[in-house]
Amino acid sequence: MRYILSMLAIAVLAVGISLYWISRPTLVSAAPPPPISATTLDQLPKERKGQVLIYGAYGFTGTGISELASEYGISPVLAGRNESKLKPLADSLGYDYVVLPLENNHNNLVKVLKHFEIVLHIAGPYTYTAKSMLDAVVEAGTHYVDLTGENHVIQAELDRDEEFRRANIMVMPAVGYDVVPTDCLNVYVADKISQPTQLTVIINGSYTAADGAQTSRGTLKSGLEMLGRPLLKRENGKMVAMATPELIHRNENGREQTLLQIPWADMITSYISTGIPNIEVFQVQDGQLPKWLLRVAQADAGRRVLGWMIDNFAPEGPSPDAQENRQTRIVSTVSNAIGETASAALITPEAYVLTFHSTLIIAQRVIDGQWEPGFQTVGAVYGPDLVLEVPGVSRTDL
Ligand SMILES: NC(=O)c1ccc[n+]([C@@H]2O[C@H](COP(=O)([O-])OP(=O)(O)OC[C@H]3O[C@@H](n4cnc5c(N)ncnc54)[C@H](OP(=O)(O)O)[C@@H]3O)[C@@H](O)[C@H]2O)c1
């Protein structure tokens, strides 16, 4: 059976490579777009206070956030690089929009961002989209939040902390499912014992199972960027490479489970929020990641082919039914040198639904003047209870 499945996977990959090769985009370096017109700039908000720009608004997650914005009293301007995808969304929601490529477009980005208090940067993989937006927010003096879970991107943002402080802006990565619930829960349990030295987080993304995709295309492609880099974990305060992710087999309430160690952003963000020097994150896993996939993802060309296959064959994201019915459970446990431990659990709604809400809750906080200059983490600035503001989230001490 395993042999047949492997052969099937190889056949699918071979077909994918052939199709990718036939229809691959020609790589040309983008010429700088022309200066943005005075008419377009004139239509943007005159006074930046309270104004929100959603960049990447027409992606799966950007659409969810744009659709929910009014419930949080936010009337955003929508942005992205493709007018044919942006305009229908903006028209259907009754918001203004601005077409704005990221590549080679620094001056236009700055001119637009100067009209906004905060940008919700929802375009990823952030490996390719974060830097140009960050360069622009620094010059424009605009607060920035994103949804990256790509550790190398978060580290690059952390490395620019001083620059963000000088610009008097807050840069807060990972304001979605990765890492709002875990970071808040980690801060909560860390406060329960003195000087915690070890933090272990276990994420069950399908605690209440529901059919259909668990992730969007953007998340799958961002995941590829992480698979293509060394797998890191937090050990004695340092990020160290793991040869292979740890696997733990356990029996939970009579069900066999495999826990797979994953490079969740907590290893950077919760290190900052809690100061705990050893952090491990595991995901409850149904199947195993095929080894060949890891090998393909580690080559640039392999990632391009897999990315193309995701764009063309993967579902856009979880269905409305899965968004409504799937729940996740997160358990965080801390311990210290004298043997004290503490644990707590969160039940959350489906990961994208949580992301739509958490992004807007944080945007609203910033508009209300609750922000700190520099690189910041959710748990450190807003505390453990922020996640409880997301509808459907509950916390229990274990
Ligand atoms: N932390 C979390 O829990 C969490 C939750 C949800 C999403 N995310 C992350 O958020 C990102 C977006 O996710 P999604 O679900 O919306 O994915 P998606 O449906 O694939 O949408 C991706 C969006 O990014 C835009 N984009 C990609 N590359 C771009 C570039 N070089 N310049 C300008 N725009 C670019 C796309 O525009 P085009 O269509 O024009 O390419 C599209 O609007 C991903 O990185 C994902 O991992 C994180």
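All of the numbers you see were taken from the coordinates with simple rules; none came from a lab. Model, not experiment: these values are computed from the prediction. Methodologically, a virtual Cβ is constructed for each residue, glycine included, from the backbone with ideal geometry; neighbour enumeration extends over all protein chains shown.
In table form, for the structure just shown:
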{"read-out": "Tensor-based shape of the chain (alpha-carbon gyration tensor, a/c under 1.5 rounded, otherwise prolate or oblate)", "value": "oblate"}
{"read-out": "Sequence ranges 66-73, 143-150, ranked by mean other-Cβ count within 10 angstrom, highest first", "value": "143-150, 66-73"}
{"read-out": "Nonlocal amide H pairs with Asn336, under 5 Å, H built at 1.01 Å", "value": "Thr197"}
{"read-out": "Whichever lysines have a C-alpha closer than 17 Å to that of Lys114, once near sequence neighbours (fewer than 8 apart) are set aside", "value": "Lys46, Lys49"}
{"read-out": "Rel. contact order, % - alpha carbon contacts under 8 angstrom, at least six apart, the chain", "value": "20 percent"}
{"read-out": "Cα pair distances exceeding 20 angstrom across segment 38-172, given as percent", "value": "41 percent"}
{"read-out": "Protection proxy ranking, peptides 256-269, 115-128, average beta carbon neighbours within 10 Å, highest first", "value": "115-128, 256-269"}
{"read-out": "Cα shape, segment 209-267, gyration tensor, a/c 1.5 rule", "value": "oblate"}
{"read-out": "Gyration tensor (alpha-carbon) shape descriptor, segment 262-398, a/c threshold 1.5", "value": "prolate"}
{"read-out": "Selection from Val240, Gly141, Ala156, by position along the positive dipole direction of segment 120-241 (Cβ)", "value": "Val240"}
{"read-out": "The chain: calculated mean residue ellipticity at 222 nm from DSSP helix runs of at least 4, using -39500 (n - 2.57)", "value": "-12000 deg cm²/dmol"}
{"read-out": "Amide H contacts under 5 Å for Gln51, placed H, 5+ residues apart", "value": "Glu117, Ile118"}
